[in-house]
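Structure record follows, encoded as structure tokens.
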Ligand SMILES: [Fe+2]
């Protein structure tokens, strides 16, 4: 049974397609942040090991919220590694082990990229799809990425 919430089936589909991209990017950044948590070394090892854990836990919670919103809007949610990679705009770096400095830079750039992409999605949700719920939800997500980016940016002198 499809949701009867004043959004046309076509617009629901447009919203859930964007949400699938967002879900994929959140997964990519979650996996990357965990990789860095596992492989961090250097003079700030324990601090950054803990910081990355704090951030991947935030991402993990967000992943669940995004996936369940897709379901709330009446669509099946993608859930395989292949689909996440296909739909992600963030890039992974297989076989590379970044320095402490480069880990911080890469995570910062990724969070900033998501903030920028989300800002473009919000008027599409709100004006094109008449989906104020997703516009508000992604605004909240954007603010969380702004905050995580701010923490990472503070490590740059
Ligand atoms: Fe751990």
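Those residues that are in a loop (DSSP other than H, G, I, E, B) and crowded, with 17+ Cβ neighbours inside 10 Å, I need them from the stretch 56-77; list them, please.
Passing the criteria: 73, 74, 75.
Yes or no: residue 13 away from the ligand (no atom under 12 Å from the Cβ), closer than 20 Å to residue 136 by Cα and modelled with pLDDT of 95 or more? Let's see the steps before the verdict.
Working: away from the ligand (no atom under 12 Å from the Cβ): yes; closer than 20 Å to residue 136 by Cα: yes; modelled with pLDDT of 95 or more: yes.
Answer is yes for this residue.
Within the stretch 88-111, restricting attention to residues that are surrounded by fewer than 16 Cβ atoms within 10 Å (Cβ to Cβ) and assigned to a helix (DSSP H, G or I), which residue is farthest from the chain's Cα centre (by Cα)? So that I can check it myself, show each step before the final result.
First pass over the stretch 88-111, keeping only residues surrounded by fewer than 16 Cβ atoms within 10 Å (Cβ to Cβ): 89, 91-97, 99, 101-102, 109.
Now restrict to residues that are assigned to a helix (DSSP H, G or I): 101-102, 109.
On the way: 101: 22, 102: 20, 109: 13 Å.
The qualifying residue farthest from the chain's Cα centre (by Cα) is 101.
Which number in (1) in a loop (DSSP other than H, G, I, E, B); (2) free of Cβ contacts under 8 Å to residues at least 24 places away in the same chain; (3) on the phi < 0 side of the Ramachandran plot marks the one condition that residue 140 misses?
Only one criterion is unmet by residue 140, namely (1).
Of the residues 60, 68, 54, only one is free of Cβ contacts under 8 Å to residues at least 24 places away in the same chain and within 16 Å of the ligand (Cβ to nearest atom); which? Steps first, answer last, please.
Values: 60 fails: free of Cβ contacts under 8 Å to residues at least 24 places away in the same chain; 68 fails: within 16 Å of the ligand (Cβ to nearest atom).
Result of the check over 60, 68, 54: 54.
Residues 33, 28: which one is surrounded by 15 or more Cβ atoms within 10 Å (Cβ to Cβ), within 24 Å of residue 94 (Cβ to Cβ) and more than 13 Å from the ligand (Cβ to nearest atom)? Break it down into steps so the answer makes sense when it comes.
On the way: 33 fails: more than 13 Å from the ligand (Cβ to nearest atom).
Going through 33, 28 in turn, just one is surrounded by 15 or more Cβ atoms within 10 Å (Cβ to Cβ), within 24 Å of residue 94 (Cβ to Cβ) and more than 13 Å from the ligand (Cβ to nearest atom): 28.
When the residues of the stretch 36-46 are narrowed to those that are in contact with a helix residue (DSSP H, G or I) (Cβ under 6 Å, 6 or more places away or on another chain) and within 12 Å of the ligand (Cβ to nearest atom), which ends up farthest from residue 101 (Cα to Cα)?
Top of the filtered list is 37.
Quick test of your reading of the structure: residue 49 fulfils all but one of (1) outside any helix (DSSP H, G or I); (2) modelled with pLDDT of 95 or more; (3) more than 15 Å from the chain's Cα centre (by Cα). Name the failing condition by number.
Status for residue 49: all satisfied but (1).
The values are calculated or read from the model by the stated rules, or taken from the named source; none is laboratory data. Since the structure is predicted, the reported quantities are computational estimates derived from the model, not experimental observations. Heads up, the Cβs are rebuilt from the backbone with ideal geometry, glycines too, and the neighbour counts pull from every protein chain shown.
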